[in-house]
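As structure tokens, the structure follows; a few thoughts come after it.
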Amino acid sequence: MAGSTSTSKAASRLTRSEPFVWRLPLDPSRGMRVEGRVFLSEALLPGALKDLSLDQVANVAMLPGILEASIAMPDIHQGYGFPIGGVAAMDPDTGVVSPGGVGFDINCGVRLLSTPLGATEVRRFLTELVGVLAADVPAGTGSKGPLTLSDTALDEVLRQGLEWAASEGYATREDLACCEEGGRMAGALPEKVSLAAKRRGQRQLGTLGAGNHFLEVQAVDEIFEPALAKAFGLRLGGVVVMIHTGSRGLGHQVATDYIRLMDSAMARANISLPDRQLACAPVRSPEGRDYLAAMACACNFAWCNRQLIAFRTREAFRKIFGPTNLPLVYDVAHNIAKFERHLVGGQEKLVLVHRKGATRAFPPHHRDLPESYRETGQPIFIPGDMGRYSFVLAGAPGAMERSFGSVCHGAGRVLSRTAARRRQNFYEIEADLKRQGIVARAASRSGITEEAPDAYKDVAEVVNVVEGAGLARRVARLRPLGVIKG
Amino acid sequence: MTGRGAGGFAVLEHPADIGIAFSGASLPEALEQAARGLTSLLVGDSPVEERRSLVVTVEGRDSLELLFNWLGELLLAFDADGFICARFKIETLGDNAVRAELLGEDFDPVRHQPVHDVKAITYHQMELAPDAKGAWHGRVYFDI
């Protein structure tokens, strides 16, 4: 039986229209309602042609109510229904919402904490620090979190997000200000989240998960924009902590439940789509509204998850270095659907933006930014692969003009997980990391081998494209010192 | 393919995630092989003992939804309750409905080595159908 490496049919129709932008022309005969717009470079082009991601860009262009273009970021790769790196803005009155356009890991995202410590002093205690973090931040399949939430408490997490965390003493008011949506998405209705999802989430709050999730202690390795870096609290040689995780089993189950629900609803209405994973419902329908209310709950869960891990991280630093301030620089989501105001055909209107493996990138002076970032634009974190650089960016006006305020989320995979595990064994990778002075702790071997640096596209090239296309500006580059993985 | 008799399962490559192809002489046997495939993705070949049992009833509007819901129940049992299956007693209840007694035990981080963090079952290129001889063949991809 064939695997999923069929050839893309859309690949032959892709043409370069300007530096860093390739287009899939609008073709109503194929059911497309808008064109496809893919941010790429010559270097990244072969990767985009190798799997079915361009066909997925074309499929998304068929969705009712999609505005302007089916957009994809330079770290594009094949996903479920939507490509990963996909952005689609919908008219809320005539358009659909699709759980596949958000992803299974609802509100998977990244937060960055800054510290007053330098790389040299942290290196002296790096092994101990990574040891404490590995002990105190549960990671890996089957791991349980530090809390088992009662049903009532879980409902409060889902309803209130970081407001719950603040009332419990896990978050400061500054943490809430430096988080998308203030860490609490409005319209969250816990009764729209299934019992199955709540059962999965009940013991998982405060856990990292596995796969490509991680906690990294990093050093600021290079600064590209000194004024922006300073405003973000970053200085050369300074140590920061990056946390990448999402809504764990709760979010995965919400996505599963609503894909199933919408798939059934579409079958009953005799609507067929080229891909069952594109199951969707009108934004204003009961199914659409229920999904958004449940999605908001999962988003709130994810923010609390990252907050609890940040809390444990702050405790770990205190254990090793004494009282230390680790302020939150920002927290960004890269699997989410948001109601935002954007210019469409010269008029500002409310739209629903799906970002699946894409990060919000608001420019300077955007009204939704906290006061501290009004002049700089929104901080954006682009995690690289294990053992390689991550980047800090700032949103630029081009994002509002060309991508509904969005940029990439991280490097896309080039090697499949099974191929990655065959290519380098655990000991070789561990030796490689050690040579670079990186202390890595993973809960499982596949946590290291499947995330081997070779398995990912070079994030520097992906960042190069989003900067070249005017979507964001590079602010700093971060280098890993210590890694915790599942 | 690994597995007993005419059936079994094999792991499939995918750009970012993972899948299995599976087969069985009957629908219940094919579903059993799909379940064994999922278990192997979760805990590899860690030995799983029969210490307790769980009964599940699953249905779907077609064979694909049945497969989606069947594997979804098993994943839920694992992720929410830490239950891993060693043996399955599956009976069909009608078209696209099954009742199964699952024998297994709770996940033990010492004895069970986790392999993949399976997040969800997907409909991506999903297949499940009988061939001319009545044997069932299927394929499913998981988000990890």
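The values are calculated or read from the model by the stated rules, or taken from the named source; none is laboratory data. Worth saying up front: this structure is predicted, and the values here are computed from it rather than measured. With ideal geometry, Cβ positions are generated from the backbone for all residues, glycine too; neighbour counts draw on all protein chains shown.
Odds and ends about this structure:
- Only one entry of A:Met62, A:Met90, A:Met73 meets the criterion of being under 25 Å from A:Phe391 (Cβ atoms), touching a residue at least 40 places away in the same chain (Cβ under 8 Å) and away from chain B (no Cβ under 14 Å), and that entry is A:Met73.
- Members of segment B:80-106 found to be within 12 Å of chain A (Cβ to nearest Cβ) and in contact with a Phe, Trp or Tyr (Cβ under 7 Å, 6 or more places away or on another chain), listed by number: B:Gly82, B:Ile84, B:Asp106
- Residue among A:Arg37, A:Arg16, A:Arg30 that alone is over 19 Å from the mean Cα position of the chain (by Cα) and in contact (Cβ under 8 Å) with a residue 40 or more places away in the chain: A:Arg37
- Screening A:Lys192 on (1) of a type in the set (Lys, Arg); (2) within 14 Å of chain B (Cβ to nearest Cβ); (3) buried (at least 21 other Cβ atoms within 10 Å of the Cβ) shows it passes everything except condition (2).
- Residues of segment A:313-337 satisfying the condition of being surrounded by fewer than 22 Cβ atoms within 10 Å (Cβ to Cβ) and in a helix (DSSP H, G or I): A:Arg314, A:Glu315, A:Arg318, A:Lys319, A:Ile320, A:Phe321
- Taken as a whole, the structure leaves A:Gly233 outside the set of residues that are under 30 Å from A:Ser372 (Cα atoms), in contact (Cβ under 8 Å) with a residue 24 or more places away in the chain, touching a helix residue (DSSP H, G or I) at 6+ places or on another chain (Cβ under 9 Å) and away from every other protein chain (no Cβ under 14 Å).
- Within segment A:265-304, the set of residues being outside any helix (DSSP H, G or I), touching a residue at least 60 places away in the same chain (Cβ under 8 Å) and small (Gly, Ala, Ser) comprises A:Ala279, A:Ala281.
Residue-wise test of (1) within 14 Å of another protein chain (Cβ to nearest Cβ); (2) surrounded by fewer than 24 Cβ atoms within 10 Å (Cβ to Cβ); (3) part of a strand (DSSP E or B).
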residue: A:Ser8; (1), (2), (3): yes, yes, no
residue: A:Ser17; (1), (2), (3): no, yes, yes
residue: A:Gly36; (1), (2), (3): no, no, yes
residue: A:Glu42; (1), (2), (3): no, yes, no
residue: A:Leu49; (1), (2), (3): yes, yes, no
residue: A:Val57; (1), (2), (3): no, no, no
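- B:Gly94 vs. criteria out of contact with any His (no Cβ under 6 Å at 6 or more places or on another chain), loosely packed, with under 15 Cβ neighbours inside 10 Å and farther than 30 Å from A:Val102 by Cα: yes
- Set B:Gly60, B:Gly19: member being in contact with a strand residue (DSSP E or B) (Cβ under 7 Å, 6 or more places away or on another chain) and closer than 24 Å to B:Ala97 by Cα: B:Gly19
- Residues located in segment B:18-29, provided they are at pLDDT 95 or above and either within 13 Å of chain A (Cβ to nearest Cβ) or within 9 Å of the chain's Cα centre (by Cα) (or both): B:Ile20, B:Ala21, B:Phe22, B:Ser23
- When segment A:243-282 is filtered for residues that are of a type outside the set (D, E, K, R) and surrounded by fewer than 22 Cβ atoms within 10 Å (Cβ to Cβ), the ones remaining, listed by number, are A:Leu261, A:Ser264, A:Ala265, A:Met266, A:Ala267, A:Ala269, A:Asn270, A:Ile271, A:Ser272, A:Leu273, A:Pro274, A:Pro282.
- Apart from one condition, A:Glu163 fits all of (1) away from chain B (no Cβ under 14 Å); (2) outside any helix (DSSP H, G or I); the exception is (2).
- Checklist (1) at positive phi; (2) within 14 Å of chain B (Cβ to nearest Cβ); (3) surrounded by fewer than 21 Cβ atoms within 10 Å (Cβ to Cβ) applied to A:Gly211, failing item: (3)
- For the residues B:Leu38, B:Leu42, the requirement of being at pLDDT 95 or above, within 13 Å of chain A (Cβ to nearest Cβ) and touching a Leu at 6+ places or on another chain (Cβ under 9 Å) singles out B:Leu38.
- Of the set (1) without any contact (Cβ under 8 Å) to a residue 40 or more places away in the chain; (2) of a type outside the set (S, T, N, Q); (3) in contact with a helix residue (DSSP H, G or I) (Cβ under 7 Å, 6 or more places away or on another chain); (4) facing chain A (nearest Cβ under 10 Å), all apply to B:Ala77 but (3).
- Qualifying residue in segment A:167-176 (condition: in a strand (DSSP E or B) and buried (at least 22 other Cβ atoms within 10 Å of the Cβ)): no
- Qualifying residue in segment A:218-226 (condition: modelled with pLDDT of 95 or more, within 14 Å of chain B (Cβ to nearest Cβ) and surrounded by fewer than 23 Cβ atoms within 10 Å (Cβ to Cβ)): no
- Remark: pairs (first residue in segment A:170-193, under 13 Å from A:Gln160 (Cβ atoms); second residue part of a helix (DSSP H, G or I) and among the basic types (Lys, Arg); Cβ separation under 6 Å; 6+ apart in sequence or on different chains) = A:Ala188/A:Arg159; A:Pro190/A:Arg159.
- Residue pairs meeting the criteria (Cβ under 9 Å; at least 6 apart or on separate chains; first free of Cβ contacts under 8 Å to residues at least 40 places away in the same chain, in segment A:134-150; second in a helix (DSSP H, G or I)): A:Ala135/A:Ala316; A:Gly142/B:Leu42; A:Gly142/B:Val43; A:Gly142/B:Phe78; A:Gly142/B:Asp79
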